[in-house]
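These notes are about the structure you will find just below.
The values are calculated or read from the model by the stated rules, or taken from the named source; none is laboratory data. In this text the structure is predicted, and so the values were computed from the model without any measurement. As a convention, Cβ positions derive from the backbone with ideal geometry for all residues, glycine included, and neighbour counts pool all protein chains shown.
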Amino acid sequence: MKNRLYIPGNKEYKGRYIFKKSKRYFVMMMGGSYLSDINNRAVDLALKGRLKEAEVLFKEVLSENPNIDAVYNNLGIIYEISGCREKAFDMYSKACIKDSDNSYFKRNFLFFADDRKE
């Protein structure tokens, strides 16, 4: 049986852990691949406020595999926090298109859209 990371207060969704940060949900990937390790390290950095370092790692994952929906979601949060609203919109949109059933991706996108109205 594979060991799984569990952090109290966070939820698991399809084998990935969701981390809430000011109404946004970062996604950590399970599976133990080197790309999931890089993504998870980037989430850790982002939660510590080290956004530029996290962005570099997320981009590295996408350069290796552009089909990982969680990374688009995570980059959307980074871009939104950094004030790059067009890039955030693009990343959130891609995450939602790649996994249209993911309620966390949709929620991030809706919070982003709602914040734009203010």
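For the range 63-90, the set of residues classified as of a type in the set (Phe, Trp, Tyr) and touching a Cys at 6+ places or on another chain (Cβ under 9 Å) consists of Tyr72 only.
Can you name the residue in the range 60-86 that is charged (D, E, K, R) and surrounded by 16 or more Cβ atoms within 10 Å (Cβ to Cβ) and is also nearest to the chain's Cα centre (by Cα) among such residues? If you could, list the steps in order and put the result at the bottom.
From the range 60-86, those charged (D, E, K, R) are 60, 64, 69, 80, 85-86; that's our starting set.
Filter once more, keeping what is surrounded by 16 or more Cβ atoms within 10 Å (Cβ to Cβ): 69, 80.
On the way: Asp69: 8, Glu80: 12 Å.
The extreme case among them is Asp69.
Of the residues making up the range 45-55, those that are at pLDDT 95 or above and within 16 Å of Val27 (Cα to Cα) are Ala54, Glu55. Meeting the requirement of 3 or more residues that are without any contact (Cβ under 8 Å) to a residue 24 or more places away in the chain, the helices (runs of 4 or more DSSP H) wholly within the range 22-118 are 34-47, 51-64, 85-98, 103-117.
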